[in-house]
Amino acid sequence: MILSYVLKIKPTMKAIFRNKLAGLALILLTFLSSCQDDKFELSDQDSQNIENEAVTDGYFEDAEDMATLAVAVEPSSEGGRIATFGKVAGTKPVDLRFAAECVTVTVEMAEDSQPGNPHGYITIDFGDGCTDIKGNVRKGIIVVEFIGKRFLPGSKIITTFDGYHINGVRIEGTRTVTNITGSTTEAPKFEIVLEDGRATWPDETFATREGSHTREWIRAANPLNDQWNVEGSATGSNRNGTVYQVEITKALVYKRECAISNRVFMAVEGTKVLTIDNGATITIDYGSGTCDRIVTITINGQSRSVLVRGE
């Protein structure tokens, strides 16, 4: 009889915060087995591929979610989506990422804006650095262009970046979200295209990302309970230049409440397959909806649960 032992090391919350400036890393995996054929093969390169892809995706999802919340400010709110021209201070969304006084939101309507077809720009400015309640440090500007009423077919939200950093990582690219469903749809769907995505770390290493996805928005009475289901694919390269492709094989489920409680903005349900340029494939299963950062990695038919940790 072959006995196999699995040692799982889970960092405490105190350790997570103590090491948050140490950089990106996956949880240490140790697998002791008396049979070499049963060894779970997760190389350092595989670990970096998984971590880079998850963190890069999470940073772009986080920025887009903030853009969506900013556009959702009601017209009746002070400093909301005004019909007149000019620049005014915008009311911040009710969200922990906007809570600090160092975050400012301004709105400027375009000259061609009309009450029935609004067009304007929102600037979310984190200045020289703002720390949210979860310890994320953001600086720089997220620029959001909105075209049309957000629940009408064809309306767009275009997010770009001006010196924007999160936890020391510079984010660049253009993310365009287009409404592809009718105005009365309870769960509207959006087409999402990311172009020229790039995340650059302080040591000047960088990851790139391009993507095309469809997102279904499951709205709740309280925006904190919103969730969305994402399908589609992406391509990119990690910090070592390794090229990969991502295919979502079971819709990824994102929950805003989990993003807030977990600090890391990532899916909590669904499956995707990461294919490396050498032909190796890694299946990543995000679980069944629990607000955690645990994912199950499968390589060569063997599986292991790991903790994704990114700053």
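What follows is calculated from the coordinates using simple rules that are stated; it is not laboratory data. These numbers were taken from a predicted model, which means no experiment stands behind them. Cβ atoms come from the backbone with ideal geometry, glycine included; neighbour counts cover every protein chain shown.
Using a 10 Å cut-off on Cβ atoms, rank the peptides 112-120, 54-62, 236-244, 125-133 from the highest mean neighbour count down. Intermediate results must be reported in sequence, preceding the final value.
Details: 112-120: 13.3, 54-62: 23.1, 236-244: 17.9, 125-133: 15.2.
Top of the packing list down: 54-62, 236-244, 125-133, 112-120.
Just add up the charged neighbours of S212: K/R +1, D/E -1, any other residue whose Cβ is under 13 Å from the Cβ of S212.
On the way: positive: R175, R209, R215; negative: E191, E195, E210, E231, E247.
Here the charged neighbours net out to -2.
Net charge around E172, counting only other residues with Cβ within less than 12 Å of its Cβ (Lys, Arg = +1; Asp, Glu = -1)? Working shown, then result.
Details: positive: R170, R175, R198, R209; negative: D162, E195, D196.
Result for the neighbourhood of E172: +1.
Using the Cβ atoms and a cut-off under 9 Å, what net charge is assigned to the surroundings of Y244, where Lys and Arg are +1 and Asp and Glu are -1? Intermediate values should be presented prior to the final figure.
Values: positive: none; negative: E53, D277.
Result for the local shell: -2.
Mind checking the full-extension length gain between S212 and V143? Use 0.36 nm per residue of separation minus the Cα-Cα distance, one decimal, nm.
Working: separation 69, 0.36 × 69 = 24.84 nm, distance 2.06 nm.
Gain on extension, S212 to V143, equals 22.8 nm.
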